[in-house]
Amino acid sequence: MKSLLMNSALAAGMYIAVSAGTASHAQAADLTLCWAAWDPANALVELSKDFEKKTGNKMHYEFVPWPNFADRMLNELNSSGKLCDLLIGDSQWIGGAAENGQYVKLNDFFDKEGIKMDDFIPATVVGYAEWPKNTPNYWAMPAFADVVGWTYRKDWFSRPEIQAEFKKKFGRDLAVPKNWDELVDIAAFFQGREIDGKKVYGAAIYTERGSEGITMGAMNALYSYGFQYQNPKKPYDLEGFVNSAGAVAGLEKYKQLYDCCTPPGHSDAYMTEDVDAYKSGQVALQMNFTFTWPGINADANVGGNKTGYFPNPAGPNGAQFAQLGGQGISVVATSDKKTEALEYIKWFGQPEIQQKWWKLGGYSALKAVVDDPSFASSQPYAKPFLDSMAIVEDFWAEPSYASLLQASQKRFHDYVVANQGSAKNALDGLVKDWKGVFQDDGKY
């Protein structure tokens, strides 16, 4: 999940099932692939030259900046537009796009071509491809695996004088935090410290209000403290799960981190603002999606051995989860070039293409890539990425996800940033908000 929203529920459309055998008879055509405008999209352009060469098809691209991506693409789907033949859409769109016939169902195609979802990281299949969740109904192929993780100033952590001061204060070595308490201790230790003649701060975290930022940030604490979206035994039963004692403690911990340890003016920050704070040397720790890690590793100021990477820490009882990001690639149901679009998906899913995708800066979800013995040592962030993908959870993918997200954005920001009420009030209010959405949807 990584869109910047928001819009209403998706409009209804016609269900389209694609017969098995279409891709093998594809003819050369012009295809348009739609995605967000960011570094991975540039890598995909380079990768796709191989597809053009092998098939004779010509690729065109519609890349939209993240702040406008969801509105632009959801409007395109809602209006039955024909701009996109292929769409790399956010994980939370799957429910609405499937139920409203805006994505082509891929089961028959996968069966015909021998494409098995068991060959992909399980969390990416559930998050990017399935609707309903945990059923073998596929509307996308996992395209870009992503998850919230952390970077830290490894060079600062290793300084003997800083190590000695930290150990004197906390009685342990300054190292990657094992849990959220340790993370807050580290962030507080660096807050306001002078390093190389410059005042620095503890942590850049997600606080953005307008789209999804603070939800994508706060959930990393909430998950690890015991939050659940619903009763595992009774769908849409929220009371005592969304607002459990553990969830309340997790939201309190996130606010503690915001209050104690963020840079000045960091009250409406998301991916770009966190990267900027980290690359400019303002903070010791940064929360961000792992797609930012290749750019950080290559950065002249903080890259190479200056930065380390680690998964989201555990909660007080050892539970450890992280917010899923990333996207799947789908065929748009209104496309007149479904055969050629399916041919692209078949090409993209090949192990040798997925290996190239990783090398170019894309995050493959294919097990043949990530389970390769050489993968973990291929980049300094490869092993932390794998460890992070093993602990993911995702936000609602319901057709009404926009309303669900707007509610959490308001409740979390009002409490964490605007200092209104208590964590218990915020989560009790969220239960009320979400119940209202599901009641309107006829879930009760």
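Quick look at the numbers
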{"read-out": "Cα-only Debye scattering, the range 298-420: base-10 log of I(q)/I(0) at q = 0.12, 0.13 Å⁻¹", "value": "-0.74, -0.85"}
{"read-out": "Residue 198-residue 60 FRET efficiency (beta carbon distance; Förster radius 45 Å; 0.05 resolution)", "value": "0.50"}
{"read-out": "Percent accessible area from carbon and sulfur atoms, the chain, protein chains only, probe 1.4 Å", "value": "48"}
{"read-out": "Antiparallel content of DSSP bridges confined to the chain, in %, to 5", "value": "65"}
{"read-out": "Spread of Cα-to-Cα distances over 5 Å intervals beginning at zero, given as percent, for the range 74-138", "value": "3, 16, 27, 25, 17, 9, 3"}
{"read-out": "Across 58/133; 49/133; 338/383; 178/435; 306/383; 234/383, pairs whose alpha-carbon gap is larger than 25 Å", "value": "58/133; 49/133; 338/383; 178/435; 234/383"}
{"read-out": "Value of Rg/Rh across the range 238-319 [Cα atoms, Kirkwood radius]", "value": "1.04"}
{"read-out": "Out-of-range pairs (alpha-carbon distance over 29 Å; input 82/346; 253/410; 198/424; 116/154)", "value": "198/424; 116/154"}
{"read-out": "Potential extension, residue 154-residue 439 segment - 0.36 nm per residue separation minus Cα distance", "value": "97.7 nm"}
{"read-out": "Pair residue 280, residue 418: separation of 7 Å Cα→Cβ label points (nm)", "value": "2.6"}
{"read-out": "Value of relative contact order over the chain, rounded to a whole percent, pairs C-alpha under 8 Å and six or more apart", "value": "26"}
{"read-out": "Rough spin-label spacing in nm, given labels placed 7 Å along Cα→Cβ, for residue 133 and residue 259", "value": "3.1"}
{"read-out": "Distance in nm between pseudo-label sites at residue 236 and residue 80 (7 Å out along the Cβ direction from Cα)", "value": "2.8"}
{"read-out": "Under the Debye formula (equal points on every Cα, no solvent term), log10 I(q)/I(0) of the chain at q = 0.06 Å⁻¹", "value": "-0.25"}
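The values are calculated or read from the model by the stated rules, or taken from the named source; none is laboratory data. Please read all numbers here as calculations on a predicted model, not as lab measurements. Virtual Cβ from ideal backbone geometry, glycine too; neighbours counted across all protein chains shown. Surface areas here come from the heavy atoms of the whole protein model, side chains and all, with no ligands, DNA or RNA. Shrake-Rupley method; radii C 1.70, N 1.55, O 1.52, S 1.80 Å.
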